[in-house]
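Undergrad: Below is the structure I would like to discuss, written out as structure tokens.
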Amino acid sequence: MNTSVVSPGRAGLILLLTGQMLPMIDTSITNVALDAITHSLHATATELELIVALYGVAFAVCLALGSKLGDNFGRRRLFMWGVGIFGLTSLLCGMAGNIEQLLAARIVQGAGAALIMPQILATLHVTLKGTAHAKAISLFGGIGGIAFIVGQMGGGWLVSADIAGLGWRNAFFINVPICLVVLALSRRFVPETRRETPSRIDWAGTVMLAIMLCCLLFPMALGPQWHWSWPLKAMLLALIPLAWLMALNARKKERENAHPLIPPRLLSLRSVRFGVLIAMLFFSVWSGFMFCMALTMQTGLGMAPWQSGNSFIALGVTYFISAWFAPRLIARYSTSTILLTGLAIQIAGLLALMATFRLWGMNNTALTLAPATGLVGYGQALIVNSFYRIGMRDIQPDDAGAASAILSTLQQAALGLGPAIFGAILLHALQHHHGDYTQAVNTFLMVETAMMVVLALATLRMRHRLSLPVVKVCQAAK
């Protein structure tokens with residue numbers, strides 16, 4: 001229960017959605033700035049992976065924690081703390097004198113983003129009703145496409161324009177004035193809400209999740225460079241006992257009604273497990289695709305940052321269009337049908353992209369890439385819009401927060417791990433093919449296509465459980 005049901009109004013809604021865009025834009029801006037960072041800070045390909053991956057992992061680990069802190073201490077307060085931390089660390093990222101300072105700032109920046117995001121959806125959910133609620137949630141869902149386009153185009157322009165000779169640093173500095181405006185106006189226009197009964201925080205589960213993600217992230221990122229030395233293999237092996245300990249901790253807390261980070265009883269639901277499968281396969285493929293393509297366009301094709309950013313315009317536009325119509329399509333057809341359609345379109349886009357690289361090789365331009373990337377973007381939006389509907393299908397209202405936290409945490413974990421996993425595949429392929437980017441790109445695209453085929457086959461197997469349209473499912477729940 002919440003202490004306030006005051007509507008945020010138009011100004012408050014704009015501030016919340018602006019806060020939502022900050023972490024989303026930052027991811028695409030960072031991808032565009034990778035090549036400039038390489039030359040400025042002499043970063044290796046592995047360090048570039050970590051710039052993206054450490055941010056995503058910190059985001060994932062702190063997401064559930066940020067949600068609980070917002071419930072306990074006030075969502076507006078945590079939103080403002082998150083925006084403040086995000087703005088400060090953006091400044092530190094831009095001021096970084098070496099790669100170590102940049103990596104440290106990116107970790108804290110990811111934690112700041114994790115404080116921002118849970119407060120936005122929760123505030124919209126508890127303060128808006130009826131048509132206003134539906135419109136706000138639609139805007140929340142469609143922001144991803146807008147943020148992607150703004151980040152790619154704006155980031156490319158900022159880096160290429162080299163304002164005040166700051167180059168890639170402007171991609172981080174631009175966040176600072178936006179954060180200051182949001183902070184200055186939030187106390188006036190964003191209502192404060194919180195739970196009357198404080199939520200317990202699973203500190204042990206949070207720490208173990210962080211250790212597990214690090215044990216997966218660092219071997220994947222550093223493996224090719226360190227020739228898979230025994231410490232890296234030991235970290236991968238440590239995942240087994242860590243997962244066992246985390247499961248024991250979760251069962252113990254669930255018996256004590258202590259709200260574990262990942263409740264086992266929810267994982268026993270097939271729809272939640274399938275949502276987890278979508279999160280781990282699709283979102284790792286998504287972030288890996290964006291990282292490897294940005295690296296290929298700038299390092300392999302020799303594109304300037306603005307050209308690299310413009311190469312993703314078709315993807316961003318089709319994603320936005322698809323996201324806009326997806327809710328109506330899901331309401332009309334079954335969720336599984338829309339998910340399978342999205343997977344089929346994305347697979348077609350990935351295959352078309354492989355054909356494009358075979359045809360044009362290192363002579364590709366934004367125009368030659370547009371048809372294939374447009375297909376990828378359209379399919380991605382259909383998959384994303386199906387993700388939460390499937391994962392939350394069998395969840396009772398009292399478990400909605402916990403289930404959403406599971407899916408969001410694993411989604412962000414996959415987004416963080418994707419660049420490390422597929423970056424390692426790309427680097428290994430480059431070494432194997434003696435620096436031939438055409439062969440290397442098609443190698444990682446083949447792996448991504450295979451993973452999407454696996455997800456499509458799993459969807460076909462689950463289709464009988466996902467056959468009812470969402471509208472009927474909601475009516476049945478009532």
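Undergrad: May I ask for the net charge around S67, where only other residues with Cβ less than 13 Å from the Cβ of S67 are counted and Lys, Arg are +1 while Asp, Glu are -1?
TA: +3
Undergrad: A further question on this structure: How would I421, I116 rank on accessible area, largest to smallest, probe 1.4 Å? Don't skip to the end; give the middle numbers.
TA: Working: I421 45, I116 0 Å².
The residues order as I421, I116, largest area first.
Undergrad: With θ set to phi - 60° and the Karplus curve 6.51 cos²θ - 1.76 cosθ + 1.60, what are the ³J(HN,Hα) couplings of the stretch 295-302 in order, to the nearest whole Hz, using x for Gly and Pro?
TA: With coefficients 6.51, -1.76 and 1.60, one gets 5, 5, 5, 8, 7, x, 7, x Hz.
Undergrad: Tell me, what is the per residue accessible area of the chain in Å², probe radius 1.4 Å?
TA: With all protein chains present, the chain gives 42 Å² per residue.
Undergrad: Which value at 222 nm does the chain reach when only helices count, each DSSP H run of 4 or more adding -39,500 (n - 2.57), with the total divided by all residues and rounded to the nearest 500 deg cm²/dmol?
TA: Value at 222 nm, helices only, nearest 500: -27500 deg cm²/dmol.
Undergrad: Something else: What FRET efficiency comes out for R358 versus Y333 if R0 is 35 angstrom and r is the Cβ-Cβ distance? Round to the nearest 0.05.
TA: FRET efficiency, R358 to Y333: 0.55.
Undergrad: Same structure again: Per-residue HN-Hα couplings for the stretch 73-88, Karplus 6.51 cos²θ - 1.76 cosθ + 1.60 at θ = phi - 60°, whole Hz, x for Gly and Pro?
TA: Those phi angles translate into 10, x, 6, 5, 4, 5, 4, 5, 4, x, 5, x, 5, 4, x, 5 Hz.
Undergrad: Sticking with this structure for a sec: Given the stretch 149-210 reduced to its alpha-carbon atoms as identical point scatterers, what log10 I(q)/I(0) does the Debye formula return at q = 0.20, 0.21, 0.27 Å⁻¹?
TA: Here the Debye-derived log intensity ratios amount to -0.83, -0.84, -1.04.
Undergrad: How much of the accessible area of the stretch 379-443, in percent, comes from carbon and sulfur atoms when a 1.4 Å probe is used?
TA: Roughly 54 percent, rounded to a whole number.
Undergrad: For Cα pairs less than 8 Å apart in space and 6+ apart in sequence, what is the mean separation divided by the residue count of the stretch 242-347, i.e. the relative contact order in percent?
TA: After rounding, I find 9 percent.
Undergrad: Shifting gears a bit: Size of the dipole of the chain about the Cα centre, Lys and Arg at +1 and Asp and Glu at -1 on the beta carbon, nothing else charged, in debye to 20?
TA: Working: 32 positive and 17 negative charges, 368 e Å.
I would put it at about 1760 debye.
Undergrad: What fraction, in whole percent, of alpha-carbon pairs in the stretch 60-115 exceed 14 Å separation? All intermediate terms of the calculation are to be shown ahead of the outcome.
TA: On the way: 801 of 1540 pairs.
Result: 52 percent of Cα pairs exceed 14 Å.
Undergrad: Something else now. Please list the radius of gyration and Dmax for the stretch 234-303, considering alpha-carbon atoms only, with Å as the unit.
TA: Just the Cα atoms of the stretch 234-303 yield Rg and Dmax of 18.3, 58 Å.
Undergrad: Using R₀ = 25 Å, calculate the FRET efficiency as 1/(1 + (r/R₀)^6) where r is the Cβ-Cβ separation of E256 and A458; round to 0.05.
TA: E between E256 and A458, to the nearest 0.05, is 0.15.
Undergrad: Okay, next question. Bin width 10 Å, origin at 0, all Cα-Cα pairs of the stretch 317-395: what percent of pairs per bin?
TA: Reading the bins upward from 0: 20, 43, 24, 11, 2.
Undergrad: Further, regarding this structure: Note the full-extension length gain between W228 and R187 as 0.36 nm times their separation in residues minus their Cα-Cα distance, in nm to one decimal.
TA: Values: separation 41, 0.36 × 41 = 14.76 nm, distance 5.05 nm.
Extra length from W228 to R187 when fully extended: 9.7 nm.
Undergrad: Quick one: Karplus J couplings for the stretch 309-326, per residue in order, coefficients 6.51, -1.76, 1.60, θ = phi - 60°, nearest Hz, x for Gly and Pro?
TA: Residue by residue, the stretch 309-326 yields x, 5, 5, 9, 4, 4, 4, x, 5, 5, 4, 4, 4, 5, 5, 5, 8, 4 Hz.
Undergrad: So what is the relative contact order for the chain, in percent, with contacts set as C-alpha pairs under 8 Å and at least six apart?
TA: That works out to 23 percent.
Undergrad: Please compute the contact order of the stretch 92-234 in relative form: average sequence separation of alpha-carbon pairs under 8 Å and at least six residues apart, divided by the residue count, as a percent. Intermediate results must be reported in sequence, preceding the final value.
TA: Details: 48 pairs, mean separation 26.3, N = 143.
This gives 18 percent for the stretch 92-234.
Undergrad: Ok, one more. Over the stretch 288-353, what percent of the accessible surface lies on carbon and sulfur atoms, probe 1.4 Å?
TA: Carbon with sulfur: 71 percent of the solvent-accessible area.
Undergrad: Mind jotting down the distance between the C-alpha centroids of the stretch 156-199 and the stretch 58-95, whole Å?
TA: What the calculation gives is 12 Å, centre to centre.
Undergrad: Once fully extended, how much extra length lies between A164 and I240, figured as 0.36 nm per residue of separation less the alpha-carbon to alpha-carbon distance?
TA: Full extension of this stretch gives 22.3 nm more.
Undergrad: Let me test this: with uniform point scatterers at the alpha carbons of the stretch 275-408, what is the Debye-based log₁₀ I(q)/I(0) at q = 0.11, 0.14, 0.17, 0.18 1/Å?
TA: -0.45, -0.68, -0.91, -0.98
Undergrad: Any chance you could tell me what percent of the C-alpha pair distances in the stretch 202-337 go past 21 Å?
TA: Result for the distance tail: 64 percent.
Undergrad: Here is a follow-up. Would you give the gap between the C-alpha center of the stretch 246-269 and the C-alpha center of the stretch 370-431, rounded to a whole Å?
TA: 23
Undergrad: Okay, next question. Can you give me the % of accessible surface on the stretch 154-241 that is carbon or sulfur? Probe 1.4 Å, all protein chains present, nothing else counted.
TA: Carbon and sulfur atoms account for 71 percent of the accessible area of the stretch 154-241.
Undergrad: Starting from the alpha-carbon convex hull of the chain, give the projected area averaged over all orientations, in nm².
TA: Hull-based average projected area comes out at 21.1 nm².
Undergrad: Then there is this: Hey, can you rank 324-332, 107-115 by average C-beta count inside 10 Å, highest first?
TA: 107-115, 324-332
Undergrad: Within the chain, which is the longest segment containing none of the GluC sites (Glu not before Pro) that sit in a DSSP loop and have at most 11 other Cβ atoms within 10 Å? Show your work: numbers first, answer last.
TA: On the way: sites that count: E196, E256.
The answer is 257-478.
Undergrad: Using the basic label-point model (7 angstrom from Cα toward the beta carbon), what is the H434 to A204 distance in nanometres?
TA: Taking the simple label geometry, H434 and A204 are separated by 5.6 nm.
The values are calculated or read from the model by the stated rules, or taken from the named source; none is laboratory data. Quantities reported herein were computed from a predicted structural model and do not represent experimental measurements. Don't worry about glycine lacking a Cβ; one is built from the backbone with ideal geometry, like all the others, and counts go over all protein chains shown. Note: accessible area is taken over every heavy atom of the protein model, side chains too, but ligands, DNA and RNA are not part of it. Shrake-Rupley method; radii C 1.70, N 1.55, O 1.52, S 1.80 Å.
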